[in-house]
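One structure is given below, encoded as structure tokens.
The values are calculated or read from the model by the stated rules, or taken from the named source; none is laboratory data. Given the structure is predicted, the values throughout are model-derived calculations rather than measurements. Here the Cβ is made from the backbone with ideal geometry for all residues, glycine too, and neighbour counts use every protein chain on show.
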């Protein structure tokens, strides 16, 4: 079945850029998403990218997609302490409504 | 605009008891999803509905779990009888009709503890 993998942990200093990586296996993925989860809260949609795009920028967030390598990344510029959270990568396959989520990457921002 | 609303936020009960989790999707959304989140298994899709009809329930763990959507603005997930291994955070999400450019929006979840 489909699989989405992420590294478990990333630590950066405030003001630096953060890059969170994700790999997936499904070649029929049509959309890929990044969600943010803060403690005790649900998943907040940050951004998403259609599979025929290779980059999307939204303020401090930049998503890069390498479809050939099935690799997705989320870059957060000028990382702030409020960005500390768990970030989930998710993919949607053609013909399926459900998403497949990665295990999440915990981002710790040190002041 | 109100998001997905789940209740209760927290539930602590003894094993063997019936548990009912509730969800109100975003108005106008045609799809409703129930997920379970645990440390061991991450986020798992349990079931999802389209226009109040269950489409895929292959993620429902066993017969103790059931979900209903009697109308477009309300869904329940029931566990009867509950067991300690059911302890998890249960999320409800909804999305509008359309393709992947209609992403899923999540509620804040119900944290369930079965003693």
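Kindly indicate whether residue B:95 is away from every other protein chain (no Cβ under 12 Å) and within 25 Å of residue A:90 (Cα to Cα). So residue B:95 does not fit the description; no. Only strands (runs of 3 or more DSSP E) whose full extent lies in chain A are considered here, and the ones with at least 2 residues that are more than 13 Å from every other protein chain (Cβ to nearest Cβ) are A:9-13, A:18-24, A:55-58, A:61-66, A:71-76, A:105-110. Taken over the range B:32-65, the residue count meeting the criterion of being crowded, with 22+ Cβ neighbours inside 10 Å, at the interface with chain A (Cβ under 9 Å from one of its Cβ atoms) and farther than 11 Å from residue A:98 by Cα is 1. Checking the structure you have, find out if any residue of the range B:22-31 is farther than 13 Å from residue B:73 by Cα, at pLDDT 95 or above and surrounded by 15 or more Cβ atoms within 10 Å (Cβ to Cβ). Checked against the condition, which is being farther than 13 Å from residue B:73 by Cα, at pLDDT 95 or above and surrounded by 15 or more Cβ atoms within 10 Å (Cβ to Cβ), the range B:22-31 yields no hits at all.
Taken together, A:47, A:23 contain a single residue that is surrounded by fewer than 20 Cβ atoms within 10 Å (Cβ to Cβ), in contact with a strand residue (DSSP E or B) (Cβ under 8 Å, 6 or more places away or on another chain), within 22 Å of residue B:109 (Cβ to Cβ) and without any contact (Cβ under 8 Å) to a residue 60 or more places away in the chain, which is A:47.
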